[in-house]
Amino acid sequence: MTTMALVNPACGGITPPSAIFTEIPTESETRMQTRDLNVFYGGNQALHKIELDIPRHKVTALIGPSGCGKSTFLRCLNRMNDVVENCQVQGTVMLDDQDVYSPYLDVVLLRARVGMVFQKPNPFPKSIFDNVAYGPRIHGIAKCRDKLDEIVMESLRRARLFDEVKDRLHAPGTSLSGGQQQRLCIARAIAVEPEVVLMDEPCSSLDPIATGGIEELIAELKDEYTIVMVTHSMQQAARISQKTAYFHMGHLVEVGETEEVFSNPIDQRTRDYVTGRIG
Amino acid sequence: MNNLPRSQRIVSGLKARHRMERIFRAAGFSALLLGVVFLGVLLVSITSKGFLAFQQTKILLEVNLPFDINSANYQSIMKKTLRDMFPNIETRREKKELYAIVSSGAAYELKKFTEQNHHNAGRTVDVWVTASDDVDMLIKGAVSRDDQPEVRRLSDVQLVHIDRLIEKKLIETRFNSGFFLNGDSREPERAGIAAAMMGTFFSLIVCLLLAFPTGVMAAIYLEEFAPKNLLTDFIEVNINNLAAVPSIVFGLLGLAIFLSIFGLPRSAPLVGGMVLTLMTLPTIIIAGRASLKAVPPSIREAALALGASKVQTVFHHVLPLAMPGVLTGAIIGMARAIGETAPLLMIGMVAFIVDIPKTVLDPATALPVQIFLWADSPERAFEERTAATILVLLGFLIVMNMLAVILRRKFEIRF
């Protein structure tokens, strides 16, 4: 597997020689890693020295009580925090061997490689087809109409939505049910063929049946993508993730194999949380 | 402390709460009623007066059309025709009074009629010519024949002539097309609002073309791209201030800059539109920003997370969703501009314009200025014309506001 260069050669300034069109045949275990990551909202420090490795082709679950910084962490990975006022990020976030916060990096390209699915389904008020086709269109991925159709169908199929909407691809995406909308958002994210998919509590606004569907979908998607998921449900984390990170008050308290974290947590706070004593 | 049970304490207060609700409803309803009554009175008084101006008294003359269309003296043909209709008129004074029952523009109408009907040259044909404004007022009942001659402005002899015309059915009120086709005139019966309508139309077009793109771009930049710092706060305060600046100040600005420095022509709708642009811009920017702000941030995040650039996010997703509000703001701004008089006075659009402007550089006036001018005129007949012009202006406003509603419905996307 080859990797696109994150650096946009057109973004001006001095481009470090190592970053020009580098094609890195990386197949290491770690897809993303953060080192000494601190995030501030104005004067408040939201994250303290987070050091976390995101393994390739696995589901990493971020758990912890509300306000512990897990969503903030997630949004650092594709620089969605850039649009938040007063938000300052220090430290390094690496995608393979490229620095996500490097001034030479083009954030558009980064977000094409690191996709995101949000807590609340947020389809565009456009047709189902246009929702999924939007990403490939802006990136010019599809060269012709047939190719675009193919990408859209394939993405919907992979998001397990195709059978339900194949007769009404031109109906507005907002006319779908909550669970369908969330699957539409997943289809939209994977239509761009990202390498990493970030999911911010993707099931929190869904009923148990829709949640089950999304969970199965995530389990399937991990074979092709690297998935990082924030969740409030410990059962969900236990069911579908291979790695779990427990956040508490802006600190990464414990990280490990999911089974380990749930069955044999080291830290007292993790133990309290996963056994349901707090949280 | 009283020891009443909880529910009883709630019950004892319920009466007062329900009374407050009734009082508030009654107050709200009466406020609405008051507004409706005032509006009704305004509309009824303007409409009852203004509608008269849509009719114009015309007199039927049997005219022997001249052969020589170009060099004929239509004034004397007109006079001769009138003398033939009323043969027993001798004195100079009586003749003058007779000629005065038709409009001073009747000879021009006759000329125009002859030119259009040149195949009838030499024959005697029926021609409807416009009656003078004094006759018009009498026929429409705006003045009574029992009034003093100074008030009704018609002599007893003229009244006799008019009675004879009525008897022979040679005088009647017809639709006043001249009101919509003519420019201004000193003679009320010949005065029309075409020059003012065209002036208003050109000014609005210029205003729309300048203010809408500029205002929307400024709103997008300030809302989506500009960094939030002291400078942008300062700009925001100033934009809000500009929206409240008296319009005459914009007129003075236009006079000083567009006319004095840039040397643009006086009285031109181009300059009028530019001045109105200055006035409308703050409204459009404020409304635009408000509707951009109302677009849910989740839509922006969705687009950004897919790798859309900021500009793509704004133009593909945010602006289409904000469009109904942006358009409504623009149309409300334009509707304010259409009724603006003061800034136009400053740049000379208050002129007496007879010729109908054909481009944005021709001298023109505007509907509200025309109302202002006519409201100042002493002739009785200008009163109804003023009211009629107000009606036309109200018509324009209703059309524009309806357009705002329709556009909002059309572009509204539910999410």
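Amide H to amide H, which residues 5 or more places from A:Met229 or on other chains are under 5 Å from it, using H placed in the peptide plane?
A:Thr60, A:Ala61, A:Leu62, A:Met199
Buried accessible area for the B:A pair, summed, 1.4 Å probe, in Å² rounded to 100? Mind dumping the intermediate values first?
Values: alone 23000 and 12970 Å², together 34240 Å².
So the total buried area for this chain pair works out to about 1700 Å².
Taking only C-alpha pairs under 8 Å that are 6+ residues apart, what is the relative contact order of the stretch A:133-279 in percent?
Values: 143 pairs, mean separation 23.1, N = 147.
Relative contact order of the stretch A:133-279: 16 percent.
Write down Rg/Rh for chain A, rounded to two decimals, with Rg from the C-alpha atoms and Rh from the Kirkwood relation over Cα pairs.
Answer for chain A: 0.97.
If you count, for every residue in A:133-140, the Cβ atoms of partner chains within 10 Å of its Cβ, what is the mean?
Values: counts 0, 8, 5, 1, 4, 8, 3, 0.
That average works out to 4.
Which whole DSSP H helices in chain B pass both tests: a Cα extent of 24 Å or more along the axis and a mean Kyte-Doolittle value no lower than 1.6?
Working: long enough: B:6-53 (70 Å, 0.74); B:194-220 (38 Å, 2.05); B:269-293 (34 Å, 1.30); B:319-338 (27 Å, 1.53); B:380-411 (47 Å, 1.07).
Membrane-span-like by this rule: B:194-220.
Rank by packing, highest mean first: peptides B:221-230, B:205-214, A:130-139, with packing defined as the count of other Cβ atoms within 10 Å averaged across residues. Could the numbers behind the result be given before it?
Numbers: B:221-230: 12.6, B:205-214: 18.6, A:130-139: 23.0.
Top of the packing list down: A:130-139, B:205-214, B:221-230.
Taking each pair of different alpha-carbon atoms in chain B once, compute 1/r for the pair, average those values, and report the inverse of that mean as the Kirkwood hydrodynamic radius in Å to one decimal. Don't jump to the answer; show the numbers that get you there.
Working: mean 1/r = 0.0382 Å⁻¹.
Radius from the Kirkwood sum: 26.2 Å.
Roll a 1.4 Å probe over the protein chains and send me the accessible area per residue for the protein assembly as shown in Å². Don't skip to the end; give the middle numbers.
Numbers: 34240 Å² over 694 residues.
Counting only protein heavy atoms, the per-residue value for the protein assembly as shown is 49 Å².
For the stretch A:93-173, calculate the relative contact order in percent as a whole number, restricting contacts to Cα pairs under 8 Å that are 6 or more residues apart.
Numbers: 44 pairs, mean separation 27.0, N = 81.
Value for the stretch A:93-173: 33 percent.
Probe 1.4 Å, all protein chains in place: accessible area of B:Arg153 in Å², nearest 10?
Ignoring ligands and nucleic acids, B:Arg153 comes out at about 140 Å².
Where the Cα atoms of the protein assembly as shown are projected onto their three principal axes, how long is each span, largest first, in whole Å?
Projected onto the principal axes, the Cα atoms of the protein assembly as shown cover 127, 83, 53 Å.
Work from the charge dipole of the protein assembly as shown (Cβ charges, +1 for Lys and Arg, -1 for Asp and Glu, about the Cα centre) and give the residue of B:Ile406, B:Ala106, A:Met80 farthest towards its positive end.
Working it through, the farthest residue towards the positive pole turns out to be B:Ala106.
Across peptide B:291-304, how many C-beta atoms of other chains are within 10 Å of each residue C-beta, on average?
Numbers: counts 0, 0, 0, 0, 0, 2, 3, 6, 4, 2, 7, 12, 6, 9.
Average neighbour count from other chains, rounded to a whole number: 4.
Could you give the semi-axes, largest first, of the ellipsoid that matches the stretch B:55-175, computed as the square roots of 5 times the alpha carbon gyration tensor eigenvalues and rounded to whole Å? All intermediate terms of the calculation are to be shown ahead of the outcome.
Numbers: eigenvalues 136, 48, 28 Å².
Value: 26, 16, 12 Å, ordered largest first.
Determine the shape class of the stretch B:284-380: with a ≥ b ≥ c the square roots of the Cα gyration tensor eigenvalues, call it rounded for a/c under 1.5, and otherwise prolate if a/b is greater than b/c, oblate otherwise.
On the way: a/c = 5.20, a/b = 3.21, b/c = 1.62.
It is prolate, given that a/c is not under 1.5 and a/b is the larger ratio.
Under the definition of Cα pairs under 8 Å and six or more residues apart, what whole-number percent is the relative contact order of chain B?
Working: 571 pairs, mean separation 79.8, N = 415.
Across chain B, relative contact order equals 19 percent.
Apply the Debye scattering formula to the stretch A:50-208, with a single equal point scatterer on each alpha-carbon and no solvent, then give log10 I(q)/I(0) at q = 0.09, 0.18, 0.19 Å⁻¹.
For the requested q values the scattering log ratios are -0.32, -1.17, -1.26.
Which longest uninterrupted range of chain A lacks any GluC sites (Glu not before Pro) assigned by DSSP to a loop state (not H, G, I, E or B) and surrounded by at most 16 other Cβ atoms within 10 Å? All intermediate terms of the calculation are to be shown ahead of the outcome.
On the way: sites that count: A:Glu23, A:Glu27, A:Glu29, A:Glu85, A:Glu224.
Segment A:86-223 is the longest.
Working from the pairwise distances between different alpha carbons, so that the mean of 1/r is found and then inverted, what is the stretch B:108-267's Kirkwood radius in Å?
Values: mean 1/r = 0.0456 Å⁻¹.
About 22.0 Å for the stretch B:108-267.
The values are calculated or read from the model by the stated rules, or taken from the named source; none is laboratory data. This one's a predicted model, so the numbers in the text were calculated from it and none came from an experiment. So basically every Cβ, Gly included, is an ideal-geometry build from the backbone, and we count neighbours across all protein chains shown. SASA here: full protein model, heavy atoms, side chains in, ligands and nucleic acids out. Shrake-Rupley method; radii C 1.70, N 1.55, O 1.52, S 1.80 Å.
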